[in-house]
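The values are calculated or read from the model by the stated rules, or taken from the named source; none is laboratory data. Just so it is clear, the model here is predicted, and its values are computed rather than measured. Every residue, glycine among them, receives a Cβ derived from its backbone with ideal geometry; neighbour counts consider all protein chains shown.
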């Protein structure tokens with residue numbers, strides 16, 4: 001029974017990545033993460049009905065327990081619906097023959113991860129930047145919430161690489177990790193938590209709303225859910241870089257601690273150290289400060305490194321979950337290299 005479960009998860013995860021690579025995202029109307037975002041947008045309107053902030057820093061950070069409770073209640077309501085639906089669907093699928101349930105779980109897992117789209121968007125920033133700095137800034141605006149108007153070409157590339165590293169964890173490794181632990185419910189609830197953090201988890205005023213307390217629960221849950229996957233992502237990036245990465249591994253904890261987030265600094269610092277570049281958010285942090293600035297050639301290098309890290313993750317998962325498949329590892333490695341590299 002344990003082997004059957006592990007085999008189902010392994011086949012479903014590989015299928016989800018294959019569909020992601022070949023077909024991309026499902027239509028918006030059928031996308032579960034879009035549904036989550038729609039709920040969070042409407043719930044956010046309710047959470048933010050009264051506002052305790054007057055715009056000052058002191059007012060933004062002043063305890064607002066009413067806002068905190070509204071944000072927590074709205075988060076829990078959404079998470080329970082996601083959990084219930086995912087659990088019910090998985091329970092039905094587990095009654096099906098092995099091959100059918102593996103196929104169905106892979107197709108349902110696909111919308112909960114977005115590696116193909118992330119690579120496409122990062123490449124689009126680089127392509128736009130070759131046209132003009134203004135075009136690169138505008139394309140970057142699709143990916144980040146920071147102000148982009150004053151960024152230099154190097155800073156636009158740095159932001160793109162940072163986004164790639166951070167979202168490689170948030171949108172790929174972490175969903176796969178929680179899928180391996182709890183199946184579809186784990187991946188779905190994690191994706192809800194990460195989406196809620198992206199929409200509500202701001203430390204103060206964002207888009208005219210004060211999220212310091214209203215979004216505190218969403219931010220903290222995402223910190224907890226992403227803690228281990230972020231560190232696993234950093235490890236995978238080091239493993240994928242071979243000897244070059246391990247020479248720099250000793251610097252990883254110090255560099256990762258430079259960012260305000262307890263998690264995002266780990267994959268970003270690993271990426272910076274392995275590529276040998278500096279990654280900066282003006283006025284907030286500098287990772288690997290003694291290194292060179294990001295150049296155009298570093299974006300394809302970053303994508304290739306993450307592709308290799310994903311391949312390493314797949315091979316390690318097979319070793320841990322499905323040791324009976326060891327004779328197939330060589331064939332799998334050849335297939336994955338052709339698809340992802």
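Of these, 292, 296, 272, which one is loosely packed, with under 15 Cβ neighbours inside 10 Å and touching a strand residue (DSSP E or B) at 6+ places or on another chain (Cβ under 7 Å)? Walk me through it before giving the result.
Working: 296 fails: touching a strand residue (DSSP E or B) at 6+ places or on another chain (Cβ under 7 Å); 272 fails: loosely packed, with under 15 Cβ neighbours inside 10 Å.
Exactly one of 292, 296, 272 is loosely packed, with under 15 Cβ neighbours inside 10 Å and touching a strand residue (DSSP E or B) at 6+ places or on another chain (Cβ under 7 Å), namely 292.
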If residue 156 satisfies all but one of (1) part of a helix (DSSP H, G or I); (2) under 25 Å from residue 295 (Cβ atoms); (3) touching a residue at least 60 places away in the same chain (Cβ under 8 Å), what's the number of the condition it fails? (3)
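Scan 217, 178, 213, 266 and give me the residue that is outside any helix (DSSP H, G or I) and in contact with a helix residue (DSSP H, G or I) (Cβ under 6 Å, 6 or more places away or on another chain).
213
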(1) part of a helix (DSSP H, G or I); (2) surrounded by fewer than 18 Cβ atoms within 10 Å (Cβ to Cβ); (3) modelled with pLDDT of 90 or more; (4) in contact with a helix residue (DSSP H, G or I) (Cβ under 9 Å, 6 or more places away or on another chain) all hold for residue 38 apart from (4)
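For every residue, the table says whether it meets (1) crowded, with 21+ Cβ neighbours inside 10 Å; (2) closer than 23 Å to residue 269 by Cβ; (3) at pLDDT 95 or above.
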position	(1), (2), (3)
174	yes, yes, yes
192	yes, no, yes
201	yes, yes, no
217	yes, no, yes
224	no, yes, yes
230	yes, yes, yes
Quick one: in the stretch 235-263, of everything that is outside any loop (DSSP other than H, G, I, E, B) and touching a residue at least 40 places away in the same chain (Cβ under 8 Å), which residue is nearest to residue 165 (Cα to Cα)? 237
Which listed residue is surrounded by 15 or more Cβ atoms within 10 Å (Cβ to Cβ), in a helix (DSSP H, G or I) and either on the phi > 0 side of the Ramachandran plot or modelled with pLDDT under 95 (or both), from 58, 13, 53: 13
